[in-house]
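Peer 1: Before anything else, here's the structure in question.
The values are calculated or read from the model by the stated rules, or taken from the named source; none is laboratory data. These numbers were taken from a predicted model, which means no experiment stands behind them. FYI the Cβ positions are ideal-geometry reconstructions off the backbone, even for glycines, and counts take in every protein chain you see.
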Amino acid sequence: MSQLDLRELHSPEFPVPTDMQGNVAITSLSKIYNWSRRSSMWPLLFGLACCAIEMIATAASRYDLSRFGMEVMRASPRQSDLMIVSGTVTKKMVVPIVRIYNQMPEPKYVMAMGACASGGGPFKEGYNVVSGIDQYIPVDVYIPGCPPTPQALLYGLISLQKKIDGQSLANMDDVPWYGVGPSDPVPVPVLGPDIIDPRQAELIRQQAVLAAQGKPFGVRELSGAALGVRAAVPVVEAKPALEAATASTEAAAELDPEKAARLAKREAALARKRAAQGGEKSE
Amino acid sequence: MTDMLAPVAPTELETGSALEYLKNKFPDAVKDDTRQGFGGVVIDRSKLVDVARAVRDELGYDYLSSATAVDYHGISDHMEMVYHAFRTSGGPALVMKAQTPRENAEVPSLVGVWPGADFQEREAYDLYGIQFPGHPNQKRILLWDGFDGHPMRKDWKEAYYEEDHKPFESRWPKGYVRRAEELNIFGKNVRYPADLDLSRLTDTSEQSIYSGMGLGVDVQELTAEPGQMRTDRLVVNLGPHHPSTHGVFRMVVTLDGETVETLEPVMGYLHRNHEKIGERNAWLMNIPFTDRLDYISSMGNNMGYVMAVEQLLAKGARYTPPTYRAEVIRVLMVELTRIVNHLWAIGFLLNDLGAFFTPALYAIAEREKILDFFEATAGSRLMCNYMRFQGVYKDLPERMRGTSNTLNDKIRDFNTMDYLAELINERLPRSIDELDHFLTDSEIIKTRCEGVGILPPEMGVAYSATGPLLRASGVPYDIRRMDPYSIYPELDFDICTRPNGDVYDRYLIRLDEMRESIRILKQCLPRLEATQGEDIFAGNKAIYAPRVPVGEAYGRVDNPKGELGFYVVSEGDPKGPQNPWRYHVRAPSFINLTALGQMCKGHKVADIVVILGSIDIVLGETDR
């Protein structure tokens with residue numbers, strides 16, 4: 001797959017004499033750049049849980065990652081291009097993962113391998129489990145499965161290669177690492193009473209203010225009650241929770257008019273939805 | 001004539017008489033556990049240490065298998081610690097319980113009696129908030145310092161809490177599906193206490209790890225004798241991201257130059273709340289979760305859990321034990337799993353020794369053949385989810401064709417029994433011999449392994465080490481023989497032991513055990529032939545939603561990594577609850593690590609990695 005076949009690179013708009021095909025190729029810079037990058041993708045030697053076993057099996061002789069130029073697994077993030085998040089991400093582990101991600105040089109790619117890394121998986125409800133690594137770092141390819149078979153992982157890797165092939169050097173959105181200065185690191189989460197994402201600090205602060213007034217902490221609009229399903233939050237707290245939701249809108253309105261407009265819009269939509277459902281019930 | 005008989009020594013008393021002995025010796029402190037379906041004795045917690053010492057020294061229960069907490073919130077509003085002690089000479093458990101009120105819960109520590117209680121008590125403190133006065137190092141083990149609350153308490157609710165028990169009303173039978181993130185305003189799996197103060201928020205999660213190390217500066221120069229090399233004392237973190245920690249394990253090591261002074265395991269990086277989820281799940285739902293404990297030997301985990309629940313089911317009226325064919329298939333699967341696990345373990349031990357990936361490649365290649373068989377039978381390579389209460393999921397297929405890899409499977413089409421016979425009689429013995437031939441006499445391996453990481457037998461028993469780790473220290477303790485289950489009593493095999501207890505012996509014992517497994521598998525083959533076509537469920541009917549009678553049970557199996565125990569309690573609903581009240585996993589990888597600090601002391605940094613590799617841990621099980 002990754003062996004040098006110049007015909008693969010050659011653009012047909014520039015004709016080359018037949019006997020020179022295979023020796024000479026005229027191509028674009030993007031194409032040769034992407035070809036060389038995707039043919040020597042070095043993954044980070046980094047396993048989290050069960051999926052790591054399948055990842056190792058993929059690297060072993062039967063499935064053989066080296067067919068894709070990916071067999072050079074580096075233990076150091078500073079030498080690797082691809083992070084395969086292979087397994088359940090716990091709150092305790094996400095802190096090191098974000099640190100490792102920040103240490104990887106651009107261009108870097110992340111692959112969420114398996115159900116847990118993609119969205120929490122079977123352990124999603126657990127108190128120490130992160131519902132998918134994409135809540136903290138950007139993910140390029142998701143591979144379903146629990147665990148994905150080596151075939152599925154290979155398919156994911158091929159998909160990543162396709163993604164790289166499609167990135168154009170002319171488009172700065174595709175190749176942001178050629179921008180001015182280093183890219184911003186992802187803020188590292190803090191382990192307090194629960195995991196705290198620094199990007200959500202403002203939201204958490206607002207909720208803390210509400211909590212100080214006796215409103216429940218962190219409860220969203222009770223869509224469960226609207227659906228006629230017994231809600232997760234005890235019924236007694238339902239009313240304050242609704243108040244909290246409206247109060248949070250008011251609190252947000254003071255901070256950011258744009259956000260307030262969005263929240264108001266959502267409130268209106270929810271009210272419409274509730275009314276519609278109420279109407280259905282009465283029929 | 002009876003008075004002519006010599007009195008039976010207390011160390012040989014049957015469990016029932018041993019309990020009588022205890023009650024006579026401590027008439028005030030020891031009482032029978034009279035709850036329906038429960039056994040053992042309840043011990044007044046003020047006398048717990050004395051009683052435990054008598055149990056160990058006078059009655060000979062030298063081996064503490066499991067120590068775990070149960071929260072009876074809403075039933076009798078107390079918490080209790082449950083201890084299962086065994087004799088290394090064999091026999092059933094002596095079950096002791098110490099009860100404590102839920103407020104200011106406190107139970108004296110038994111680390112002084114059985115050092116193997118160390119991590120288990122720390123876990124009970126972490127997850128239940130029980131204080132253990134007398135514990136040398138009582139701090140959180142799976143979660144971080146500063147975590148809000150003790151999550152395994154029954155009144156502690158996680159951020160995505162919906163209901164106490166599955167199936168959730170919202171999902172079944174009404175069929176609404178809602179993403180849990182939608183209810184949480186942060187869109188994440190988080191909950192904060194109401195008095196959260198963000199202004200003084202600093203990450204204190206690692207404070208206690210370093211607190212005992214007396215660190216003022218990072219590097220401290222140690223004065224050396226004249227003529228010797230001057231060294232520095234420094235603290236090194238190995239992990240959680242480290243290629244040789246077999247996952248996300250972390251060790252904080254204090255070094256004098258290159259020599260290990262202290263080593264502290266730090267875990268919980270893969271703590272995925274197995275037990276909390278398990279208590280929300282229905283009985284059957286836990287089987288696929290057990291696959292993900294020790295994810296290299298999923299069949300063995302299935303077996304342990306299924307056996308524990310079957311013990312409970314056996315107390316009810318409508319229980320029929322698994323058929324003979326089901327038992328044979330179970331043993332076949334478990335022993336194949338043992339070979340898978342040991343191949344993997346040896347491959348990666350060599351990896352840790354620096355033979356990067358070459359021996360592992362050979363070990364993995366043979367493993368794939370077994371996984372093919374698992375895939376054809378159970379439908380999955382790794383997470384087999386194969387065993388069921390009173391039987392197995394499916395009979396062996398007639399022909400082996402995979403379903404996921406259609407390209408290869410044009411070639412892969414075998415008669416299952418022929419495939420198995422070839423695998424067991426030829427392929428596996430050949431690959432074990434191959435490993436033996438190339439590795440055992442290697443000069444490098446001998447130099448690196450002999451005399452490294454010695455675990456003396458007494459220490460192994462005291463620290464509750466199990467499995468190959470304990471047997472390599474010369475203690476012939478194998479549950480398949482000592483507390484037999486399934487069809488093991490009629491099978492012919494030996495308990496392997498090795499005398500020295502070093503890394504080299506732990507490598508050799510895995511070869512020995514694989515050969516014993518081959519012996520067992522060879523005996524399974526004719527039994528499979530003979531029972532061809534028989535039912536795999538008694539009455540040919542699987543029970544998917546069992547009403548499990550009220551009570552407790554401790555099922556344990558000899559998993560490839562050691563003793564895997566499941567302590568399950570069925571409580572609450574008098575008709576027979578559909579969900580476990582308590583679901584505890586006594587994980588061999590977790591408890592085998594208790595002795596790691598002792599084993600590494602005085603060795604070089606490079607040896608830590610090898611010693612850890614020779615214990616053979618898997619993090620899914622360590623952290624659960």
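Peer 1: Go through the residues of the range B:140-147 one by one and say whether even a single one is surrounded by fewer than 17 Cβ atoms within 10 Å (Cβ to Cβ) and facing chain A (nearest Cβ under 8 Å).
Peer 2: The answer is no; no qualifying residue exists.
Peer 1: Ok, one more. Going by the conditions given, is B:Asn273 in contact (Cβ under 8 Å) with a residue 40 or more places away in the chain and over 15 Å from the mean Cα position of the chain (by Cα)?
Peer 2: Taking the combined requirement at face value, the residue does not satisfy it.
Peer 1: Then there's this: If I filter the range B:65-82 for residues that are crowded, with 23+ Cβ neighbours inside 10 Å, more than 21 Å from B:Thr100 (Cα to Cα) and not polar (S, T, N, Q), do I get at least one hit?
Peer 2: So far as the range B:65-82 goes, no, none of its residues is crowded, with 23+ Cβ neighbours inside 10 Å, more than 21 Å from B:Thr100 (Cα to Cα) and not polar (S, T, N, Q).
Peer 1: So which of B:Tyr504, B:Tyr419 ends up being among the hydroxyl-bearing types (Ser, Thr, Tyr) and modelled with pLDDT of 90 or more?
Peer 2: The unique qualifying residue is B:Tyr504.
Peer 1: Can you name the residue in the range B:351-381 that is in a loop (DSSP other than H, G, I, E, B) and more than 10 Å from chain A (Cβ to nearest Cβ) and is also farthest from B:Pro397 (Cα to Cα) among such residues?
Peer 2: Ranking the qualifying residues of the range B:351-381, first place goes to B:Gly354.
Peer 1: For residues in the range B:114-153 being of a type in the set (A, V, I, L, M, F, W, C) and assigned to a helix (DSSP H, G or I), which is farthest from B:Arg280 (Cα to Cα)?
Peer 2: Per the stated criteria, the residue is B:Ala117.
Peer 1: Next up: Go through the range B:226-245 and report how many residues are free of Cβ contacts under 8 Å to residues at least 24 places away in the same chain and either assigned to a loop (DSSP other than H, G, I, E, B) or within 14 Å of chain A (Cβ to nearest Cβ) (or both).
Peer 2: Looking only at that region, the number is 8.
Peer 1: Still on this model: Looking at the range B:105-115, can you tell me whether even one residue there is at positive phi and either assigned by TED's automatic domain parsing to the domain that holds B:Leu19 or not hydroxyl-bearing (Ser, Thr, Tyr) (or both)?
Peer 2: no
Peer 1: Select from the range A:178-205 the residues that are surrounded by fewer than 16 Cβ atoms within 10 Å (Cβ to Cβ) and either more than 7 Å from every other protein chain (Cβ to nearest Cβ) or of a type in the set (Phe, Trp, Tyr) (or both) and list them in ascending order.
Peer 2: A:Tyr178, A:Gly179, A:Val180, A:Gly181, A:Pro182, A:Ser183, A:Asp184, A:Pro185, A:Pro187, A:Pro198, A:Arg199, A:Glu202 - these are the residues of the range A:178-205 that are surrounded by fewer than 16 Cβ atoms within 10 Å (Cβ to Cβ) and either more than 7 Å from every other protein chain (Cβ to nearest Cβ) or of a type in the set (Phe, Trp, Tyr) (or both).
Peer 1: Now for a different question. Going through B:Ser380, B:Ser431 one at a time, which residue ends up being among the hydroxyl-bearing types (Ser, Thr, Tyr) and free of Cβ contacts under 8 Å to residues at least 12 places away in the same chain?
Peer 2: Just a single option satisfies the conditions, and that option is B:Ser380.
Peer 1: Give the residue, chosen from B:Asp512, B:Asp502, B:Asp478, B:Asp492, that is farther than 25 Å from B:Pro288 by Cβ and in contact with a strand residue (DSSP E or B) (Cβ under 7 Å, 6 or more places away or on another chain).
Peer 2: B:Asp478
Peer 1: Name the pairs: first residue in the range B:470-484 and surrounded by fewer than 24 Cβ atoms within 10 Å (Cβ to Cβ), second residue assigned to a loop (DSSP other than H, G, I, E, B) and among the hydrophobic types (A, V, I, L, M, F, W, C), Cβ to Cβ under 6 Å, at least 6 apart or on different chains?
Peer 2: These pairs meet every condition: B:Pro476/B:Ile495; B:Arg481/B:Ile495.
Peer 1: May I ask you to list the residues in the range A:176-207 that are within 18 Å of the chain's Cα centre (by Cα) and either at positive phi or not charged (D, E, K, R) (or both)?
Peer 2: The answer is A:Pro176, A:Ser183, A:Pro185, A:Val186, A:Pro187, A:Val188, A:Pro189, A:Ile195, A:Ile196, A:Pro198, A:Gln200.
Peer 1: If we keep just the residues of the range A:19-39 that are loosely packed, with under 14 Cβ neighbours inside 10 Å and in a loop (DSSP other than H, G, I, E, B), which is nearest to the other protein chains (Cβ to nearest Cβ)?
Peer 2: The extreme case among them is A:Gly22.
Peer 1: Shifting gears a bit: Determine, yes or no, whether B:Val585 is modelled with pLDDT of 90 or more and either outside the structural domain of B:Pro468 (by TED's automatic domain parsing) or under 28 Å from B:Thr323 (Cβ atoms) (or both).
Peer 2: When the stated conditions are applied, B:Val585 passes them.
Peer 1: Out of all the residues in the range B:28-37, which are within 28 Å of the chain's Cα centre (by Cα) and either modelled with pLDDT of 85 or more or polar (S, T, N, Q) (or both)?
Peer 2: Result: B:Gln36, single match.
Peer 1: Checking B:Pro397 against (1) closer than 23 Å to B:Ser298 by Cα; (2) surrounded by 14 or more Cβ atoms within 10 Å (Cβ to Cβ), which test does it fail?
Peer 2: (2)
Peer 1: Yes or no: the range A:3-10 includes at least one residue that is more than 26 Å from the chain's Cα centre (by Cα), free of Cβ contacts under 8 Å to residues at least 12 places away in the same chain, outside any helix (DSSP H, G or I) and away from every other protein chain (no Cβ under 14 Å).
Peer 2: Scanning the range A:3-10 turns up at least one residue that is more than 26 Å from the chain's Cα centre (by Cα), free of Cβ contacts under 8 Å to residues at least 12 places away in the same chain, outside any helix (DSSP H, G or I) and away from every other protein chain (no Cβ under 14 Å).
Peer 1: How many residues does the range B:382-407 contain that are at pLDDT below 85, within 14 Å of another protein chain (Cβ to nearest Cβ) and part of a loop (DSSP other than H, G, I, E, B)?
Peer 2: The total comes to 4.
Peer 1: Okay, moving on. Pick from B:Gly453, B:Gly379: which is at pLDDT below 85 and either among the hydrophobic types (A, V, I, L, M, F, W, C) or in the same structural domain as B:Arg510 (by TED's automatic domain parsing) (or both)?
Peer 2: Going through B:Gly453, B:Gly379 in turn, the sole match is B:Gly379.
Peer 1: Still on this structure, please answer the following. Which condition breaks for B:Val42 when tested against (1) touching a strand residue (DSSP E or B) at 6+ places or on another chain (Cβ under 8 Å); (2) part of a loop (DSSP other than H, G, I, E, B)?
Peer 2: Unmet for B:Val42, out of (1) touching a strand residue (DSSP E or B) at 6+ places or on another chain (Cβ under 8 Å); (2) part of a loop (DSSP other than H, G, I, E, B): (2).
Peer 1: Would it be correct to say that B:Arg153 is under 17 Å from B:Ala67 (Cα atoms) and of a type outside the set (A, V, I, L, M)?
Peer 2: Judged against the criteria, B:Arg153 is a match.
Peer 1: Further, regarding this structure: For the range B:167-189, which positions are at the interface with another protein chain (Cβ under 7 Å from one of its Cβ atoms) and aromatic (Phe, Trp, Tyr)?
Peer 2: The answer is B:Tyr176, B:Phe186.
Peer 1: Looking at the range B:96-113, which of its residues are among the polar types (S, T, N, Q), assigned to a loop (DSSP other than H, G, I, E, B) and over 23 Å from the mean Cα position of the chain (by Cα)?
Peer 2: B:Asn104
Peer 1: May I ask you to list pairs of residues, at least six apart or on different chains, whose Cβ atoms are under 6 Å apart, with the first in the range B:278-303 being more than 19 Å from B:Arg330 (Cβ to Cβ) and the second being among the charged types (D, E, K, R)?
Peer 2: Filtered contacts from the range B:278-303: B:Arg280/B:Lys166; B:Asn281/B:Lys166; B:Ala282/B:Lys166.
Peer 1: Among B:His135, B:His150, which is the only one that is of a type outside the set (S, T, N, Q), closer than 20 Å to A:Glu125 by Cα and at pLDDT 85 or above?
Peer 2: The conditions single out B:His150.
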